[in-house]
Structure formats: C-alpha cells, structure tokens
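Right, one structure below, let's go through it.
The values are calculated or read from the model by the stated rules, or taken from the named source; none is laboratory data. Everything numeric here is computed off the predicted structure, so don't read it as measured data. All Cβ positions, glycine included, derive from the backbone under ideal geometry; neighbour counts span all protein chains shown. Calculation scope for accessible area: heavy atoms of the full protein, side chains included, ligands and nucleic acids excluded. Shrake-Rupley method; radii C 1.70, N 1.55, O 1.52, S 1.80 Å.
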Amino acid sequence: MSGARGLGAALLLLLGGLALLGPSLLPDPALQDLRSALQPPGTTWWLGTDHLGRSVLARAAHALRFSLTLAATAVGIAVLLGTGLGLLAASLGGLADRALAALGDATLALPGLLLVMVVVAFAPGEILPLSGGVALAQWVHFFRVARAEARRVLALPHAEAARVLGFGPDYVLRRLVLPELRPILLTLVGFGLGTAVLQVAALSFVGVGVRPPTPELGSMTTELLPYLPEAPVQALVPAVLVAMLVLGFQLLSADEGQKP
Amino acid sequence: MILPRRALLAAPGLLAACGDGTAPSWPRIVAPGEFAGLDLSRAGHVLGRMGVVETLVGADEAGRPTPELAVSWAVSADHAEWRFRLRPGARFHDGTPVDATSVASALSHAAAGVSVLARAPLAGIAPDGEDVVVFRLHRPFAPLPAFLSHAGSGVLAPGSFGGSGRVDRVIGSGPFRVAQIHPPHRLLVARWEGWWGAAPRLPGALYLATGQGETRAVMVESGEAQIAIGLLPASLARLRRRVRVAVASVPTPRVRMLKLDAASPFFRDQRVREALSLALDREGIAGALLRDATLATDQLFPPALADWHDPSLGPSRQDLAGARALLEAAGWRPGPGGIRQDALGQRFAVELRTFTTWPELPAMATAIQAQLREAGIAVSVSIGSSSDIPRGHRDGRLQMGLFTRQFGLVPDPLGTVLSDYGQAGGDWGAMNWHSEELLALAASLGTTPDRSARRRIGTILREERPVIPIASSTLAVAATPRLRGLRLDPFELRFHLQELDWPA
Amino acid sequence: MMGVVRILLARLAQAGFVAVLVGTVGFALMHSLPGDPAFRIAAERYGPDMVDAAAAEAVRAELGLDGPVLPRLLRWLGRVITLNLGHSLVSGAPVLPELLDHLAHTAMLAAMALALALPLGLPLGVLAGLRPGGAVDRVVLLGAVLLRAVPPYALGLALMVVFALHLGWLPPAGFESPAAILLPALTLALGVAALGGRVARDAVMAVEASPFLRFARWKGLSEAAVVRRHGLRNASIPVVAVLGLQFAALLEGAVVVESLFSWPGLGHALVHAIFARDVPMVQGAALALGLGFVLLNALADALAALLDPRRARGTL
Amino acid sequence: MTAALLVEDLHVADAKGTPLLRGASLQARPGVPLTVLGETGSGKSLVLLAVLGALPPGLQAQGRVALAGTEMLVAPPQARRRLWGRTVSVLPQEPFLALDPTMRALSQVAETYRLVRGFPRPRAQAEAEARLRELGLEGTGTRFPFQLSGGMAQRLALAILRAADTPVLLADEPTKGLDAPRRDEAARRLRDEAERGRAVVTVTHDVAVARALGGDVLILREGAVVEHGPAAQVLASPSHAYSRALLAAEPSRWTRPARPPSPSGPPVMEAVALRKSLGGRPLLREVSLTLRPGELVAVLGSSGSGKTTLGDLLLGLMRTDGGEVRRLPGVAPWRFTKLWQDPPAAFVPHQRLRQGLDVLSRRHGIPFARFGSGMERLGLAPALLDRLPAEISGGELQRFALLRALSLDPVFLFADEPTSRLDPLTQATVAPMLREAARSKGAAVLLVTHDPDLADALADRVLRLHEGRLASAGCHPGGPLGL
C-alpha cells in the first residue's frame, strides 16, 4: 500500500470511526442551549457550539454518519443501475445499445446538480429522493465505464473462447467481465462517493437539503456561514470534514487507478 | 466553424445591454428583493422605494397618512365615498400631468389585479374634474388611505400601459425616473428634474437585488455598494465594529409567528395553544438568533404600532412546568419516547412548515422544534416555499406554520387584521378560528378610530392564541458614512433617496 | 472531411436527444411535483407578503394551468424546434431573451474561468508530467486533490474573505464593475485548473513514453525541438478532449458559485425557476445548459480534430 | 578498414544483478550487414540499446561499446545524444507507432534536414521530396501516418533514416508483424542501405531475414553469443547445436506429414457462397469451402485478406452478409472450436489454469483426470496448472489451448495463426502437435496463416485467399486436389 493510499485509508478510518462511535458516545446532536450559542472550542465543547448552542462535535459525528450513509446509498443505486444497464447494453448490442448510449449521452449533457434538484423538489428534505437524485446524476458514469469495459472484454479472444467452449452469457459476464470491471468500478465508486458528499453539501447550500434537526455537513456550513467571523472553527469544521472525506475517497481510489 | 464564432461575437453585445451606462459616482443599493416584472404588483416595492412611482398617500414613521400625490382627502358622512384632491403641478416622467383621469385609470387597473386595493370594498374609482378622484365603497372602510400608500397602489402614467393593459415601460411621477430596468436584479434611476418637491441632490442611484445576506454585508464593507438593506443579525454585529460602515436600524411592524390549525385534534383546545406559547423560550430564540433578546414578544402588534401595542404587558417568559400542566389538563399524557399522547393513543406529532425567504426562519423552526420536544411534542420541520403556507391553509393540510407577517403592509394594520382574522381566518393569520367580538370591534373601526378597540383586538388575539407571536423585527441598514441624510422607513415603502447626499 | 461531418452529426443527434429528454422529463417531473404551481408562481411574482389564495387563483386563471398535460407537452416540444420557448410563468416575459441574457453571463463566467485556469493548471501539469514522482509532481498532485475535495461554496467564501475583505483587492460580488467577475471565475477556475493540470500531467507522461517521441529523439532533434514539434501537440489532444467533457462540471459549479456571488447567470436563474415551478423557464434553462454542453463538446471535438488529423478523418 | 561500431565483451545485468547479456562482442563494418539472431529473451534488443547509449535506468553495463570513437558506456548523456541522427540512427520496431501521428509525411523527413543537418527550408523540402521519391512514396508527402499502409510507413521511416544518412544504422525487429512478401521487401531495403556504404545492424528472430540480408550473422541465446560468422557459412552449416535447432525449426525444413487417408464421411463443415463486408469494404466476395473429418486445410493470405473473418463466419462468431454455412447436424455447438493467434489473450488473465480447466470440466461433465493424460501427451508439466496464464510461456499456453479444445471432442477446429506469436523453436514443437492431435480425434482443421512454408509443411490442402476469393495454391504432393 502506497503512502497516498495509506493516508486515504487512515483519513476514512478516522472519519468512519467518528461516524460509527461518535453518536453513541457524544451528547444528543439536537440538544440546544440557546444561552451557550456560538461558544468557542474548549473543554466543555471540544469543537464549540453552533448558533443554537448545540455541540458541533456531536453534530459533526452524526453528520458524518449521515453523509456516509447517504453517499453509500446513492452510489450503491448508481452502481447497480449504471453497471446493470451498461452490461445489458454491451451484451445486447444493436439498437438497444445505441438507445441506451444516447440516453446516457443526453443525461451527461445535463449538470448533475440540476437532476438532483429536480428529483429532490419532489419531496424536499426526504432522504430517499435525495440519494435517488444523486444516483440519477451519477449512474451514467458507471454506465459508460461498464459498457465500454464490457464491450472491450467481450471482444477479447478469451471471452470469445468462453463462448466457443460452451459457456453462457451469465458466466461470461460474471467471471470474465466483472473481475476486469471491478477495479475500475472501485476507483469510480471512490470518486462517486466524494462527489455525492459534495453534491449534497452543495444542495444544502442552495437551500435544498435535509430536514432540521438532521445534522448534515453541507447544511451545517450553510447555517454557520453568517457566523464565520465570530465562530470560524464551528463554521469551518463541517467544510473541512467534507474536504477530508472527499480527499480520503480520492486518495484511496487515485492509487487504485494508477495500478497497471 | 462559423457558428461558434458568431456565438462568441453575440455574447458581448448581450452583455452590453446590462453592463454599460453606470455612472460610478451614483450610489449603489443592495437589497434582498428581486422583481419579477415591470407592473407594480411585481416591481412596486422596488419602484416605490427607489422613488420612481408615487402613491396618493404616504406614511410617516408612525404609520400616519401623509400627503403625497394627494394633498388632502375627506370621507363622506355615510363613509361610503372618499374624495382625494390631487397635487397641482405634479407631472409624470413623460411630461404629462398627473390628473384625476390618469390616476383613476391607474388605480382601477391596480384594483383589478393582484394588489391590496383589490381587498378593499371598492365599488368604483372615478375622476371628478381635473384634480379630484372619488372612491366609492360598498361599506365603511377607514384604512383606505393606508391602502392607497401601499407600493401596489402606485400611480403610473397612461403611457406605461401597452395595448393589452400590460405595463410596457415604467413612467412614474417620483423624484427619480427609470434609466434602465432589468428584472429581476437591476434598476438604474436618474434624477427627474420635473419633480414637484425639492430637487434631489443625487444625480441617480442603482438598485441591485442581492439574495444572500452575507453577500450584501460584504459588498457594503468593501465599498462595492453604498447601502445594504436588510442585514443578518450576525453580520450586523460585525459591521457595527467597522469604521468604514455606518449601521442603523429601526423597529418594523413585522412579527415572526406560529400559525396553528385550530380545528386540528392537536390545537383545537385553547389550553394546548397556550401551552405551546408557554413552552417557548422567546428570549432565548431572539437572543441567540436575532442577537437582541428584547425583540421577543408574545404580542401580535409590535411597539412600532403604537395604537395597537400594549406596552404594559411584560415579556412572556418560558414556563415549562405550566406548559406541561396545561397539556396534562387537555388530556395529553406522557407516552413512549417522551412524546405525549391522548386517551386514544394518538401521538402529539405535528408538522411545522416554513421557508427560507427570511433566512432566520429555518433556524427558528429548529429552535422551536427542540423546545416543544421538551414539553413532549414531536415536531417535524418542512422547509419549502413561502406559498406552502397559504396553500396548506386552503387544502387544510397545514398543522403549524412559521412565517413573518408585515402588519404595516399598509401602514394601518386594520386592513391586515381584517384579512387575517376575519370570519374565515386568513392565509397569513388564523386557521379555523374566529372571534365574534373581534369582528364586531373591527367593523366598528371602519368608521371610528378608537384606540381602546384596537388594544382590545390585541388582547383577544393574545388570549385565544390563534397564532403564537415569537419575535418582532428590526430593519437593519448599513451604509457608507459619507452618505448623508439616510432615513429608514419602518414600513419599507421608501428609501427617501431625494433626501440623500453623497458628496465626493 | 467525412469525419468532421460525422462528429457534427453525432453531436447534433445528442443535442436532439437532450432536447427531447429535457422537454419530456422536465415536463413530467414538474407536473407531478407536490405543491400547487399557481401558489409557487404567485409567491415568486408578488413576494410572500402578498401571496394568498386570491393571488394564486388569479395566476391559475391567467395561465390556464389546468389544461390537459399531453397537448401542452407536445405543443412545447413543437415550439422548441422554432426556438420559441414560451413565456415565463412568473414574469410573463418571453423566456428566450431572458435566457440569452443569463446565458451570456454564464458564458462570460465560464470563459473567464477557463482563461484563469489554463495558464494556471497546464504549465504545472506539464512540469509534473515531465518528472513524474518529482517534487513538482507531488505538490501538484496534492494541490489538485485538495482543491477538488473542497466544496466550491467553501472555496468561494474563503476567496471572498481573503481577497475582498482582508486584502480589499477585488469586489466580492455583484456584476457591476468588470473586476467583479474575477472572484467567481477564480472559484471555478481553481477546480478546472486542478483537473486540467492532472490531465496535462497524464498526457505528457503518455507522450513521453510513446515510441514516436523516442524516435524523434533518436532522429537527432534537440530536446526543445522534440517538445515543440512532437510533444506539445500530441499531449494537448487528450487535454482538449477531457476539458470539453469537464464543462458539465464547470456549469454545475456555476449553479452554486453564481448564487454565492450573485452572478446573474443560468445557474442562478435555474435555481429560482425550480423553486417557483416556472416550467418554461426550467425547461429553457436546462435546455440551454444541455445544449451549451453539447456545443462546447462539439467545439472540443473540432479543436481535437484540428490537432489530431486521425479524428478529422474519422479513424478514431 | 576500421569498424564503425565495436562491441567488446558487453555484460548487462538488471538491478538485482541477474545477468541479461553475458559477454557479447561484435563489430559492424560499412557495407556488410550484421544480423543479430535470437529468440525472445535472448538479450538481442539490449545490444541495440547499449549501442545507442539508451539502456533503461537501473540496468548496469560493463565491457566496451565504441561508436565512431565515442565510448558509449562511459560518455556523458549529452555526448551520447549528440551522436543520434548524426552518427547512428534507428529503424524502429513498429514504424507506424514511431511516426508522429499528427505530422505529415514530408515534414517528418524534412525536419531531419532542417533541424539536424541545418539545411535551409527550401532545400530541406526538396531533399525530403527526393527521398520519398526514391522509396516509391511520391505523392504521399501530405499524408499523415495513419493514411499509410504498413509497408509505406516502414518506407517512410527508412526515408527519414536516409535523410539522416548516418554511418551506422540499427534496425530493431524490422519485420515484426509483416507477412512474407513484405518481410522480404524490408530485408531487401536494409541490404540496399548497407550497399550504400552504411554499417547496418539488424536485430531479429527470423532466420529468413538473416538469410535475405546476407553479410554477417550472430546468434544469441540467453544473453550469450553461440555462433558468429558470415551468413553463408553459419546458415548453411551451423556448428553449434542451438543454431542447428534454430535453423531446423524453419517450417520449410520440417519433415512432411505422412500421406493422409482420403477423407471420408459427410462434410463436417460446408460454406456456400459466403459474402461479408467490414466497414463498407467487401472482404469475402464469394467463398465456398468443404471440410471433411480428419483433413487439415490451410488458408493462406496476407494480413487483412479476411482469412480470420472466414473462420469466424464458419464458427458463427460473426454473421454473414450472404451465403450459407452448413454444419454437421446433431453435433453440440462447442465441438466446433478454435485456437487463437495470441495464446495469452485467449485465457482469462486472473484465472489459474487449473481453475479454468476445472470450470470447463464441470460445465461439460468431463472427468478432470482426462486433462492429466492429455497434458502428458502434449508435454505439459503438472506444476504449470497452478500458474496464471501470464506466468507460463506462449508455447505452453498454446498447448493448453489445444488441450482445452481437444477435451471437447471437436469435429472442427479453426486454428487462427496458432504459431505466429511463438518463437521458431516453439513453433516447431507445437505445430505438429496440433496436426497429430486433430488427426487422432478425427477433427477437421482449418489452419489460417500468412506463412506459405508453414502451410505447406502442415496442410493436406492449401488454399489462397485473395481479393475475397479462395483459390487453390497447389497442394501437398500426393494429397487430394481440388476445392
């Protein structure tokens, strides 16, 4: 494991640990103390309090868990949908392939954030549409890669060999295409997770986020932006956490991608 | 390769339309309000404040009617007819005189569209000679002058209207005329030499709609703008410490309040509504989110409305024990997870709708959510569009709504009270609640200005709690100190640009 | 020239698909959205203080929002072909001129972002690619990864605080002085520069390892001649191709950055239109963004074809 | 006459100290082509890189390399580089990849004149045009490399080298991927260069190239020189056992197969008037072919002639545009099978061989033990089973492919250039195995190749595919005639 990858793993381990253990060890993230609003970091509140006097550390831990869950759900849907359609397109070929590819191209032409916003407008503040929206913006990347890789592998002599030797399409896809696809998908998943975290944060910024009091990294920053001069740590912590999460995913996958 | 090049050439041409023509010496005003069109129902609030469009009647700091395009007015003995005498010599920006015919036509147009005038019991508007406009009413309506001071009741020249009655260009009569207007962001005004009042010192000014409060603060801090309207409480604290910026604020008749569906099984009981009020820590909310604990109020009418506000009532303090006792008495007992339930096992779980037009509302909803949770009430917060509240009122799905209401929408709150707390309640007022006594009092106010009746209306609303007021508002403005003569209007009708001076 | 025609035809087909997709999906979604469009439109038109049921009913009557869906969709699709995008439900003004105005602003912002990003990212990427694993490479890689990890709004805010507030060099927002474009453009540019640098690095590495560059050296050309005559052009081909694709990301960033800096572009308009349920405006803006993306890709294709004769002749 | 290039006792080892080249010595003289002959891994390419002074970093070299008076192993990089294009030039392995894809042919020649030899632009242009004309490339100056055929690309590379006109010319596997006629043409052109007074050093694995070039031959095996001398002598009467084996491995020297029994029984595979176009170009115009059990038919054709397409059409891997393919009815589809040109590509890269055979045995209910006896017959050690495809040699892998195909009791085997990627010695072992194994199973074999000698050596019938039609190309003496 190289340095970059190790650093990425360490970052994700740290944040994952906080997300996993934090919520049970730290106080209720919704607990308010309006008279202790915007307290600086100290012994009582390690990362200070927000504008409603809530512990930023506790909220950050919950927000991390939320962001990770949401990103994982969204990317999970995107991977299943994109890879499934990609493999389908590559193995069907012909008109179905071209139609799916055209749909992919058209989706790609639209900014991802637009798609998420349109879907989220369905049910503001609900989690499933949010991850569905992010997935809608991301599936096409998985689709393109899966389709291209499947087409490449299916054209290789060893895939032809498998067919000549009497193996069915199921075997060819599962045993020949997927193993080749897996490392590429993993890289893409890493970047996708990072993008999902960023996209949700951006949505919160333009006001399409989660419902209060759910802590979310993007909306935490947005809520605290007006207080940046007086409470810089509290406002920056969520943004830094987003950056660290994305960084962790990128480091982890960047290295994977450079392998021969 | 021909197409892209042509597209590139076209771009600067489009930009020129909105980038040129700004004299750098004209002050820039940044404010939150965008305007979606040219007609007064959409742009009136900007055109009025920038001094382009005038109304028959103005308002002073206390909300009392003052002469503007009308120099005097009188109501008939049967309260069915109002006569407004027009200011002699007033001219529109196209040079035509502001005469009774054009005023009657412009205001009839407003009354037929979306405007406060449409809510007045008007039977007709007609000219009487050159300089008198007559308003005939279905029933007595004392706040008519106040309604006429609303931005939507501005007077546009007949030349403003296109063939289909749509506003094609804005020709007002105020001290400034439109030089350029680009909805929804930008309005450039220039001094109108033909104004009836003292000539303005400023050669012109620029209005820029800027949605983000932080951005407005930063713009005025860096000198990019000279006046920033509507500062966030957090920015306000910072700007006060700056030498390069002068900060002023004025209380406004705007109140943040909770609206409850008084017909729902949760809020049917007046004791529950009272318990909600007791459970709230208004001073905590105002202190933390508005940076001013004194804004906390449980009165619907803020101090800015001296006739309506009762200064003898102290601030309402949080009383959780009292709230719990009232909820117990109303049959809501502690249930699993600390959430109360009634005898049938119904959980006290409700939805609170609010929106982001005012940035403090979501945070306030979150604070309310936490405080009601202490009393055993589960609140889920839904943040959407401002229209969710009137729509929820109409389709009956609204349980709680958090919003701000401008009682000085017209400087006399009576109009607002009538539309919000009438027989059928109001989109921005009571829901499934009314009070015969209040209706009778309001009807009597149609003919007599009676201060005790006004106070009594406040008391009824405070006792029965169809809505729960939380905090009143201030309008905070930051400006560069070089700008002289800045005057704040609590009713947000005018910037008073004609009184400003910006010496180089 | 067959290749160029083929590329353009493919892009044209993509544009057609975008139009139909945006039209249909946008229309279907907006009409199955919860919430009453009449109320939303009224709120956007008249401001929250004036929204009430009466205003909403007036809007409903004026716009005929109750008609059957399918004929309206077909009519809209038909009009799109003639570039008639209808009237905004909110302002009542025709969508097209308003869109063009927003589009011009976004185009200017994107162009400025590119103008800042390329001189920043490409030289660093080339330096990094010439010595992979070297000090420059490590610093550039780290910088690129960090820049792409920071949310654009946080980046924009940080730039605003530093350059506008503390240093006072640049205007923080607005679109009045010509310098106002610098901060939003820089915010977008940093992300693009990070990506461009990364692509340039990989491209330089690939060219550096290519047999034709080795052959060029073996021919006896000086290093400068090798780089100038054989290195740069070949390395720029993937850079152009990838940057063309990444324009979608740039436009996406524009939505957030335009809101933060009050830049009156497409992204800003789109957010408003979605909130207001202004269907023609949403569709128009989405269409403009989608077609803009296709157009830029076509430009990137054309540029790549200029650089790479294989593309122009349709063998790649 | 002094040697333009002198290599004395050159040793090269990798970073771990493993020797790659163990004491190679050679000298190249103007006018006398020198051919370094060796199999993959013999270290022949390292000789070239050492001469250029372009050994990859990490390799250590000892000994002496003198190029026109410069000691290439000790000279500083700048000094070595100054010789490139002036004293020494290189004909690259695959010229198509070595030409700048974005530059027109003429510029690639002219820049040598302008930037290396310092000619003014008009003269450089004129000279470059003259070089193109000399090599039969007139009219192609404005084309890009991708618009040239493989042979033209190689001539363009030669034109560039002529422009440099260096005393020493190195050629690195100049015939890689070329079929016989083009291979001979390339060799002839290199000989021309030598006759123009240049010292030409060619590195190749192909004995035929060495023979065509003449001059001196040096045979390299596992980093050591096994034989060195004039081509006429070394290729006619080699003294070393390895050299003899290498020469005997040429298909033209193989012992001919015994006369096959006349094929009998119903045709296994019949093609009637097949037509196929690819990319709008008609590839097969009207091809008819009949294969009977036990016969081995070779189809000869140059690259791009459509011979692989023909096999794939018969197997149903591609759809025909017209005509008909008739297979022996009632036979499972997998008993019509194929051997691929590039053995590593035909195996799943991440699957150990045992695993691959295991899934196959389970899919078709073949007892695994059957593979054991087959491996023995094909000379495959059981230890190989636990390796990945990339970890064993191409020859071994092709034998595994054969094992795999034969385990399904094939009635038809399409062998697509099955030995073209193998070293000559390996080819000499594997090719007869293919013939014998197929014959023992009674399978019909369609062998597709570009090597007439190989076809002649293996096949019962040889057909030639030319311009989309099949024609008889003569037949094995005694073999059945006709189509």
From the option list D:ALA171, D:ALA124, single residue qualifying as part of a helix (DSSP H, G or I) and open to solvent by less than 10 Å² (accessible area, probe 1.4 Å) is D:ALA124
Residue hits (region C:119-138; in a helix (DSSP H, G or I) and either open to solvent by less than 60 Å² (accessible area, probe 1.4 Å) or within 13 Å of chain A (Cβ to nearest Cβ) (or both)) are C:GLY121, C:LEU122, C:GLY125, C:VAL126, C:ALA128, C:GLY129, C:ASP137, C:ARG138
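Okay, residues lined up against (1) surrounded by fewer than 19 Cβ atoms within 10 Å (Cβ to Cβ); (2) among the hydrophobic types (A, V, I, L, M, F, W, C); (3) assigned to a loop (DSSP other than H, G, I, E, B):
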residue: C:PRO184; (1), (2), (3): no, no, no
residue: C:THR187; (1), (2), (3): no, no, no
residue: C:GLY191; (1), (2), (3): no, no, no
residue: C:ARG198; (1), (2), (3): no, no, no
residue: C:ARG201; (1), (2), (3): no, no, no
residue: C:MET205; (1), (2), (3): yes, yes, no
residue: C:ARG214; (1), (2), (3): yes, no, no
residue: C:GLY220; (1), (2), (3): no, no, yes
residue: C:VAL227; (1), (2), (3): no, yes, no
Just to check your reading of the model, which residue among A:ALA96, A:ALA89, A:ALA102, A:ALA137 is over 18 Å from the mean Cα position of the chain (by Cα) and buried (at least 21 other Cβ atoms within 10 Å of the Cβ)? A:ALA89
Filter result (in a loop (DSSP other than H, G, I, E, B) and either among the hydrophobic types (A, V, I, L, M, F, W, C) or within 37 Å of the chain's Cα centre (by Cα) (or both)) within region B:326-348: B:ALA330, B:TRP332, B:ILE339, B:ALA343, B:LEU344, B:PHE348
Can you name every residue in region C:139-154 that is of a type in the set (A, V, I, L, M), part of a helix (DSSP H, G or I) and either open to solvent by 30 Å² or more (accessible area, probe 1.4 Å) or at the interface with chain A (Cβ under 7 Å from one of its Cβ atoms) (or both)? C:VAL139, C:LEU141, C:LEU142, C:VAL145, C:LEU146, C:LEU147, C:ALA149, C:ALA154
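Matching residues to (1) assigned to a loop (DSSP other than H, G, I, E, B); (2) free of Cβ contacts under 8 Å to residues at least 12 places away in the same chain; (3) open to solvent by 40 Å² or more (accessible area, probe 1.4 Å); (4) not assigned by TED's automatic domain parsing to the domain that holds B:LEU445:
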site: B:GLY314; (1), (2), (3), (4): yes, yes, yes, no
site: B:ARG324; (1), (2), (3), (4): no, no, yes, no
site: B:VAL350; (1), (2), (3), (4): no, no, no, no
site: B:THR357; (1), (2), (3), (4): yes, no, yes, no
site: B:ALA363; (1), (2), (3), (4): no, no, no, no
site: B:THR366; (1), (2), (3), (4): no, no, no, no
Does region B:42-83 hold any residues that are hydroxyl-bearing (Ser, Thr, Tyr) and either outside any loop (DSSP other than H, G, I, E, B) or within 14 Å of chain C (Cβ to nearest Cβ) (or both), and which are they? B:THR66, B:SER72
Restricting to region D:271-311, give me the number of residues that are buried (at least 19 other Cβ atoms within 10 Å of the Cβ) and among the acidic types (Asp, Glu). 1
Is there a residue being surrounded by 22 or more Cβ atoms within 10 Å (Cβ to Cβ), of a type in the set (Lys, Arg) and not in a helix (DSSP H, G or I) anywhere in region A:57-66? no
Could you run through region D:127-168 and say how many residues are within 18 Å of D:GLU195 (Cα to Cα) and either assigned to a strand (DSSP E or B) or open to solvent by 20 Å² or more (accessible area, probe 1.4 Å) (or both)? 7
Pick out the one residue from C:SER210, C:SER177 that is on the phi < 0 side of the Ramachandran plot and at pLDDT below 75. C:SER177
Strands (runs of 3 or more DSSP E) enclosed by region D:291-380 - at least 3 residues per element that are under 30 Å from A:GLU180 (Cβ atoms): D:336-339
Okay, strands (runs of 3 or more DSSP E) sitting entirely in region D:174-274 with 3 or more residues that are in contact with a Lys or Arg (Cβ under 9 Å, 6 or more places away or on another chain) and of a type in the set (Phe, Trp, Tyr), I get none
Kindly establish whether B:MET219 is open to solvent by less than 10 Å² (accessible area, probe 1.4 Å), over 27 Å from B:PRO67 (Cα atoms) and modelled with pLDDT under 85. yes
In region D:76-104, residues that are in contact with a Pro (Cβ under 7 Å, 6 or more places away or on another chain), of a type in the set (A, V, I, L, M, F, W, C) and more than 7 Å from every other protein chain (Cβ to nearest Cβ) total 2
Conditions first: (1) more than 21 Å from D:LEU67 (Cα to Cα); (2) surrounded by fewer than 22 Cβ atoms within 10 Å (Cβ to Cβ). D:ARG81 passes all but one, so which condition is the exception? (1)
Residue under evaluation B:SER235, criteria (1) crowded, with 21+ Cβ neighbours inside 10 Å; (2) of a type in the set (Ser, Thr, Tyr); (3) under 30 Å from B:ALA424 (Cα atoms), criterion not met: (3)
Mind checking which residues of region A:148-171 are more than 10 Å from every other protein chain (Cβ to nearest Cβ) and open to solvent by 50 Å² or more (accessible area, probe 1.4 Å)? A:ALA148, A:ARG151, A:ARG152, A:ALA155, A:PRO169, A:ASP170
Criterion: buried (at least 23 other Cβ atoms within 10 Å of the Cβ) and more than 24 Å from B:ILE227 (Cα to Cα) - qualifying residue of B:SER115, B:SER76: B:SER115
Can you tell me which residue is nearest to the other protein chains (Cβ to nearest Cβ) among those in region A:26-45 that are open to solvent by 60 Å² or more (accessible area, probe 1.4 Å) and free of Cβ contacts under 8 Å to residues at least 12 places away in the same chain? A:THR44
Look through region A:208-223, keep the residues that are in a helix (DSSP H, G or I) and more than 11 Å from chain C (Cβ to nearest Cβ), and return whichever of them is least open to solvent (accessible area, probe 1.4 Å). A:MET220
May I ask you to say which residue of B:ALA179, B:ALA225, B:ALA190 is in contact (Cβ under 8 Å) with a residue 40 or more places away in the chain and more than 8 Å from chain C (Cβ to nearest Cβ)? B:ALA179
